[in-house]
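One structure below.
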Amino acid sequence: MRSKKTAGFTIIEMLVTVGVLTLLSGILIMYSKSSENASNLLRQAAKMVVDINQAKNLAMTTALFTNDEGEKIHPCGYGVYFDDTSTPNRYIIYADIAKDCKTSTHIRPSDGTTDVEIIELNTSISIDNKNIDSIFFLPPDPIIFFDPSEEKEGLVTIKTITGSKLEIKMSGAGQVSTF
């Protein structure tokens, strides 16, 4: 008598195949999420560098500041304030409109009347650590002021919710970089 062979897979082979596919899919999804977080962190750091350089450029070009009443004022300079107390974290480009630029502290007033732009960080990113509250650019060179004034360079660390970190470094010469 002839025996009939049926072509196909056994239940064990099917379970192993489904298990391997599930494992590979899980690894791919996790890798995709972590690369997305890293990409968001890099994008946010690059945007922060661009915005700090924008404040420096505003100071060097001596751009006029328009107050809430529409009045154009020639400010002493422009700076960036790093606000790690708000939710979500943010940083603020501000102008210093003091009457006497030589005696001004170049610190952002808490009432926000001299804010030029408020930039909120991505919700998955926060300011983790900083050694300065703000950096200020006094034209025309520009001269760099840090708050607190005893700091010689500024470091702001941003991180993702997964713990990845990136530092933005600001030198006393006005160079801004990430590492």
Q) If you look at just the Cα atoms of the stretch 19-115, how large are its Rg and its Dmax in Å? A) 20.9, 72
Q. Most mobile of 159, 99, 47 per a Gaussian network model of the chain (Cα springs, under 10 Å)?
A. 99
Q: Read phi for every residue in the stretch 33-39 and hand back ³J(HN,Hα) as whole Hz from Karplus 6.51 cos²θ - 1.76 cosθ + 1.60, θ = phi - 60°, with x for Gly and Pro.
A: 5, 5, 5, 5, 5, 5, 5
Q: Give me the distance between the Cα centres of the stretch 6-83 and the stretch 86-113, rounded to whole Å.
A: 27 Å
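Can you tally the net charge around residue 38? Count Lys and Arg as +1, Asp and Glu as -1, for every other residue whose Cβ sits under 14 Å from the Cβ of residue 38.
Working: positive: 33, 43, 159, 165; negative: 36.
Summing Lys/Arg as +1 and Asp/Glu as -1 gives +3.
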Q | 136, 146, 179 arranged by Cβ crowding within 10 Å, fewest neighbours leading | A | 179, 146, 136
Q. With θ set to phi - 60° and the Karplus curve 6.51 cos²θ - 1.76 cosθ + 1.60, what are the ³J(HN,Hα) couplings of the stretch 51-67 in order, to the nearest whole Hz, using x for Gly and Pro?
A. 5, 5, 5, 5, 4, 5, 5, 4, 5, 5, 8, 6, 5, 6, 9, 9, 7
Q: Name the most mobile residue of 45, 63, 55, meaning the one with the largest mean-square fluctuation, in a Gaussian network model of the chain with Cα contacts below 10 Å.
A: 63
**Q.** Inverse mean reciprocal Cα-Cα distance (Kirkwood Rh) of the chain, Å
**A.** 19.2 Å
Q. Along the stretch 130-140, what does the Karplus equation 6.51 cos²θ - 1.76 cosθ + 1.60 (θ = phi - 60°) give for ³J(HN,Hα), rounded to whole Hz, x for Gly and Pro?
A. 7, 9, 10, 8, 7, 10, 10, 10, 9, x, x
**Q.** the stretch 67-106: radius of gyration and largest Cα-Cα distance (Dmax), Å
**A.** 12.6, 34
Q. If we count other beta carbons within 10 Å of each Cβ, what is the order of 108, 43, 90, fewest first?
A. 43, 90, 108
Q: State which entries of 47/130; 47/165; 99/152 exceed 19 angstrom in Cα-Cα distance in the structure shown.
A: 99/152
Q.
Given the -39500 (n - 2.57) contribution per DSSP H run of 4+ residues, what per-residue ellipticity at 222 nm results for the chain, rounded to the nearest 500 deg cm²/dmol?
A. -10500 deg cm²/dmol
Q. Amide H of residue 133: which non-local residues (sequence gap of 5 or more, or other chain) have their own amide H closer than 5 Å, using H built in the peptide plane?
A. 147
**Q.** Radius 15 Å from Cβ of residue 111, net charge of other residues (Lys, Arg +1; Asp, Glu -1)
**A.** -4
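The numbers here are math on the coordinates, done by the rules we state, and not lab data. Predicted model, so just to flag it, every value in this text is computed and none were measured. Neighbour counts are summed over all protein chains in view; Cβ atoms, including those assigned to glycine, are modelled from backbone coordinates with ideal geometry.
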